[in-house]
1. Any idea which of R47, R37 is assigned to a helix (DSSP H, G or I) and not small (G, A, S)?
2. Here is a check on your reading of the model: is V85 surrounded by fewer than 18 Cβ atoms within 10 Å (Cβ to Cβ) and without any contact (Cβ under 8 Å) to a residue 60 or more places away in the chain?
3. Condition first: among the basic types (K, R) and over 24 Å from I75 (Cβ atoms). Now tell me which residues in region 1-42 satisfy that.
4. Let me confirm something: among G58, G63, G36, G41, which residue is under 24 Å from the mean Cα position of the chain (by Cα), at negative phi and surrounded by 13 or more Cβ atoms within 10 Å (Cβ to Cβ)?
5. Regarding S5, is this residue out of contact with any helix residue (DSSP H, G or I) (no Cβ under 9 Å at 6 or more places or on another chain) and farther than 26 Å from E195 by Cβ?
6. Quick one: is D256 touching a Gly at 6+ places or on another chain (Cβ under 7 Å) and either of a type in the set (D, E) or at pLDDT 90 or above (or both)?
7. Scan region 189-236 residue by residue and report those that are free of Cβ contacts under 8 Å to residues at least 12 places away in the same chain and under 19 Å from I26 (Cβ atoms).
8. Starting from region 43-63, keep only residues that are within 19 Å of P76 (Cβ to Cβ), then list their pairs with residues that are surrounded by 12 or more Cβ atoms within 10 Å (Cβ to Cβ) and among the basic types (K, R) whose Cβ atoms are within a distance under 6 Å, requiring at least 6 positions of separation or different chains.
Amino acid sequence: MALVSLQNVSLSFGGTVILENLNLQIEKNQRICLLGRNGAGKTTLMRTLAGEVKPDSGTVQTGTDVRVSYFAQNIPLDLQGSAFVIIADALGESGRLIVSYHEAENALKAGSPDAAEELEVLRQQMDKLEAWKLLDDIGRIISRMDIDADWRYESLSGGQKRRVLLAAALVSQPDVLLLDEPTNHLDIDTIAWLEDFLLRTGITILFVTHDRMLLRRLANRIIEVDRGRIYDWECNQCCNGSCSQNGCTVNGDLSDALAGNYSWINCSLCRMDRCHETNASSCKWSTIKKSLCSFGSALWLWRT
């Protein structure tokens, strides 16, 4: 059963059709890269999946007990508090308990006479909720993402705020994680750690990125949004020859077809590069790479 699904979803803004009669299913263990030109509707689709935007028609269905976490490009302006508090709050009740424990620890270090007794009560509650591992997870992610737990969110730069919000999304233990440009403002080492973390934990993700290497390492499915429609490519281990295109029917004149598929061509070349690096002879795409490169180059010249 799909974790999240869209059934005949349509959405318009100001008379402009953004999503038109879309059907989409996100299954467990999928790592989906969402492609599309600026303004094509990528962010709108993610916000619809996250429940932040309601469609004009159709159904957005989330599985029973499925948790969806959304890391957006836009930085919220109304958050306040320390980085630790904002990150821990993503864990709900357990997170609020962890925040209280963290604050009691700080009070004890500051010499508060009542802190020791309060800390003992909180330890018992932490044992009851088995929250110690979550506390360790928070500390590990804060460390790897180069975040100071005592940073005040309202005083941070835009890049630092994005780090804090990304850390909160990662510790929230979602079943489906929606990531909109997650590597912006991250250094190379942190990006490498993020890739490894997402692969190791097996979280189902749908992500938008301009980072070609991130796409190549993570994606096992590619979706393109173009003029309200979805073009869907399964790319499960491309070097094993199992790439296939699903539901792509291009109507209209040649210019529409070319414009609508340029980003897919660029992405397919990424997948082919990976095939070549691993086992070119077993990848069915490797036999057409030269032709597609030539076509992509001609298309680039045509579009510019």
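1. Criteria check complete, one pass: R47.
2. No; evaluated as a whole, the condition is false for this residue.
3. K28, R31
4. None of the other options fit; the residue is G63.
5. Here the answer is yes, as S5 does meet what is asked.
6. no
7. The answer is T201, and nothing else.
8. V53/R47
The values are calculated or read from the model by the stated rules, or taken from the named source; none is laboratory data. Predicted model, so just to flag it, every value in this text is computed and none were measured. Positions of Cβ are generated from backbone atoms using ideal geometry, with glycine treated the same way; all protein chains shown enter the neighbour counts.
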